[in-house]
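To start, the structure itself, in structure tokens.
The values are calculated or read from the model by the stated rules, or taken from the named source; none is laboratory data. Quick caveat, the model's predicted, so the values are computed rather than measured. For neighbour counting, all protein chains shown are included, and Cβ atoms are generated from backbone atoms with ideal geometry for every residue, glycine included. For accessibility, only protein heavy atoms count, side chains too; no ligands or nucleic acids. Shrake-Rupley method; radii C 1.70, N 1.55, O 1.52, S 1.80 Å.
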Amino acid sequence: MLKIFTHRNRYVAGGLSLAKRTFLSDAYQCRDAWNARLATPILEKINLETLYYDLEQRFQQKQKISAIDIDIYANKLVDDTHIEEVADFLYKFRLTEETSNTLDSTHHALVRNYLDNKCYGQLIDVLNNRIGYGVYLDDYSANLTLDQLIKEKEFRYAARVATLLALQEDFSNPITRALALYSCYRYAKAPDAEHFEDLTPAEPQAGEVEGQNKKKKKEEIKVRVKFLRNEFFDDHFDLTDSQLLLGKTFVELGRNYDGASSIIGTNCRLLGLTMYKKYDQAMAFVKQLEGKELNEEVLQMMRSALEKESNKEDEKYMNFCAMVDKIEASVKLSKDSFEKLILEQVNKSVGALEKQQIESQAKLYTDWCNLRQQRLDEELNRMQRAKRLKDMEQLAIDMEKEEQKLWFFENEDKIDLEIDSKRVYYPKRWFGKKKKPRTVDVDYVPPEVRQRN
């Protein structure tokens, strides 16, 4: 079903714009195909409480749980009752050797449950902890996440998701690319844009610090090491500043838009280099823009980003500011809405690829159900095979003991020899040279003691 809206547009003569589709339709959710998993024989008979205690007990005793158990537990969720437990199990499972067998449906189920229950902050924490959870967004789950966050006007979370996608350096999907660009644009444009929460250092607990003078010094623990590693900043995963992350994301998006839409790609790259504080590259890029079109709104966003620079005495910064002031003479300034250009790309990519992605994702849901049943059958066969081997080993031991009882008298000498061969003889310990016992002289008379005057 298409979502229709009518709004005021100052760029369309007559005041009212034509009805258009914005972002993804309800059909893109594929809810019928997704909910069909609950009707499968596996998930239909599962009790979440029982499965939770069983998995917890197995992990505590054996430190090992299977990938199919985690997948069943994650896909059985329909509310937020066990949503924290799933993430906890996934974190523990990540530390085991079975983590390489994790199913794609497990991560997808976790992401969809966070979205359905609007746990956006927890979703960002899971996605940002790539080593701890190992959850990455594919094209479809990324589109679902960005679309819902944009419709909920949670542009801060949407922009954070876009930066995580930029760190993966994969914007090959046009819908993902367009939604990520719109998210970053709306977040960067907001005058009260806050720092990403998951990048903010943890604040001290209440009552721990009441003033810098009263703060107690923590005891320093010194550890002897063979060598110290040189400090290294990779300018990628080590970025902790929201403006730098946004700038890097704009640059990555601009590179992907160079072929499809040179106007959007040019503006994104220049804005991104400015926010990324790569002033040398930005000045070199401006020199290549002679005769090209630059959006006036983007130019204003660049100036706002330059005003936030803390080190305004930097020579590169001052040279680039001077170039920005003179940029109007070398390029053409467009007064069209940059947001309108982005929305056109969104509508274009959604209209061209939405139906195809809906069909492929619905088929993928069916394949996941079949794969889950297959993996469960394989796990059951493995457990039954292991149980049969254990029973056969125990049966062999019992038969050997019974044989010893039946043929004891015939094999008595042999059994005695075996017992004697198993006996351990310990060497005698030496406690030093023995002392001679003290002799008592019977005829000994002690001397007479006289008192002195």
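Per-residue HN-Hα couplings for region 420-428, Karplus 6.51 cos²θ - 1.76 cosθ + 1.60 at θ = phi - 60°, whole Hz, x for Gly and Pro?
For region 420-428, the Karplus curve yields 5, 5, 7, 6, 9, 9, 8, x, 5 Hz.
Treat region 346-453 as a sphere of radius equal to its Kirkwood radius over Cα pairs and apply Stokes-Einstein at 37 °C in a medium of 0.692 mPa s; give the translational diffusion coefficient in µm²/s, rounded to a whole number.
The estimated diffusion coefficient comes to 129 µm²/s.
Determine the calculated [θ] at 222 nm for the chain from helices alone, applying -39500 (n - 2.57) to every DSSP H run no shorter than 4 residues and normalising by the residue count; nearest 500 deg cm²/dmol.
That calculation yields -18500 deg cm²/dmol at 222 nm.
Sequence-distant or interchain residues sharing an amide H contact under 5 Å with L294, placed H: which?
Here the answer is K332, L333, S334, since their amide H atoms fall under 5 Å of that of L294.
Run the reach check for K151 against lysines, Cα to Cα strictly under 21 Å, same-chain hits fewer than 8 apart removed. What comes back?
K3, K20, K118, K189, K340, K348, K355
For the chain, what % of the accessible area comes from carbon and sulfur atoms, probe 1.4 Å?
About 50 percent, which is the carbon plus sulfur part of the accessible surface.
Quick check: the distance between the Cα centres of region 413-453 and region 104-143, to the nearest angstrom?
Answer, in whole Å: 77.
So for region 61-201, averaging the separation of alpha carbon pairs under 8 Å that are six or more residues apart and normalising by length, what relative contact order in percent results?
That works out to 20 percent.
What are the radius of gyration and Dmax of region 261-415, computed over its Cα atoms and given in Å?
Expressed in Å, the Cα Rg and Dmax of region 261-415 come to 36.7, 113.
Send over a whole-number figure in Å² for the accessible area per residue of the chain, probe 1.4 Å.
Per-residue value: 68 Å².
Using θ = phi - 60° and the Karplus relation 6.51 cos²θ - 1.76 cosθ + 1.60, list the HN-Hα couplings for region 343-351 in order, rounded to whole Hz, with x at every Gly or Pro.
5, 5, 5, 4, 5, 5, 5, 5, x
Select from region 299-365 those GluC sites (Glu not before Pro) which occupy a DSSP coil region and have at most 12 other Cβ atoms within 10 Å, ordered by residue number.
Loop-located and lightly packed - E313.
If you filter region 78-170 for GluC sites (Glu not before Pro), then keep DSSP loop positions with at most 12 other Cβ within 10 Å, what is left?
Hits after loop and neighbour filter: E169.
Name the trypsin sites (Lys or Arg not before Pro) in region 30-112 that are in a loop by DSSP and that have at most 16 other C-beta atoms within 10 Å, would you?
Listed in order of number, the matching sites are K45, K64.
Go from 0 up to the bin containing the longest alpha carbon distance in the chain, width 20 Å each, and give me the % of pairs per bin.
For the chain, the binned pair fractions read 18, 37, 23, 10, 7, 4, 1, 0 percent.
Which longest uninterrupted range of the chain lacks any chymotrypsin sites (Phe, Trp or Tyr not before Pro) assigned by DSSP to a loop state (not H, G, I, E or B) and surrounded by at most 10 other Cβ atoms within 10 Å?
12-226
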